[in-house]
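Data first, discussion second: the structure below is written as structure tokens.
The numbers here are math on the coordinates, done by the rules we state, and not lab data. What you are looking at is a predicted structure, and each value in this text was computed from that prediction instead of being measured. Cβ: placed from backbone, ideal geometry, glycine included. Neighbour counts: every protein chain shown.
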Amino acid sequence: MLTANLLAVALFVVVGALSGIAFYALYGAGELDSWKTIFPWLLLLMLVGIVVHELVHGITWLLLTHRGFSHLSFGLLPGGVYCHIDVPMPKKQYVIGALMPLLLVGIVPMLVAFCIGSLLWLLLGIVFIVSAAGDMMIVWAIRKEPADVLVYDHPSEAGCYVYHKTTQS
């Protein structure tokens with residue numbers, strides 16, 4: 001979790017700077033005046049977004065594995081929250097479920113921000129792209145594993161187990 005949090009800080013600087021510069025180039029400083037108005041909404045939506053992020057993991061994995069909600073568990077870890085599914089799945093399914101919050105809760109709000117010129121949506125996009133740092137690290141860690149491996153989400157820590165097929169002799 002420490003490494004994921006350090007990555008998140010670096011990601012925040014990069015994503016925040018690049019998207020902030022682009023947003024400013026498109027919309028100028030006018031939207032920055034709304035900071036005091038949007039701050040309470042930002043805090044509320046961040047709390048809601050944390051729950052949504054974990055639900056997106058779970059719902060995506062349930063849809064891909066065709067299992068019931070009883071296979072999911074949610075909890076707190078030092079430095080973060082988690083969703084765990086107790087079903088091993090093919091690597092592709094695991095990766096899709098791991099990255100879906102990045103897409104839906106991070107990238108989509110950022111795209112909305114650029115389409116409508118909303119500082120609130122931009123900040124939410126930045127926060128939730130950064131909050132997917134641990135998910136991106138896990139996917140990066142298993143990127144070289146063969147496509148036919150089974151991946152089992154770790155029940156109490158950020159990460160997963162990878163099961164390789166064995167041949168019988």
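Miscellaneous remarks
- Neighbour-limited loop hits for trypsin sites (Lys or Arg not before Pro), region 45-153 (at most 10 other Cβ within 10 Å; DSSP other than H, G, I, E, B): 143, 144
- Rounded FRET efficiency, nearest 0.05, which uses the C-beta distance separating residue 13 from residue 140 and R0 of 25 Å: 0.85
- Order of 135, 86 - criterion: other Cβ atoms within 10 Å of each residue's Cβ, fewest first: 86, 135
- Nearest-ten-degree value, helix 119-130 long axis tilted from longest Cα axis of the chain: 30 degrees
- In the chain, lysine pairs with alpha-carbon atoms under 29 angstrom apart (chain gap of 8 or more, or interchain): 5
- Rounded to 0.05, the FRET efficiency of the residue 152 and residue 107 pair, given R0 = 30 Å and the Cβ-Cβ distance, is 0.65.
- Shape metrics for the chain, restricted to C-alpha atoms - Rg then Dmax, Å: 17.9, 70
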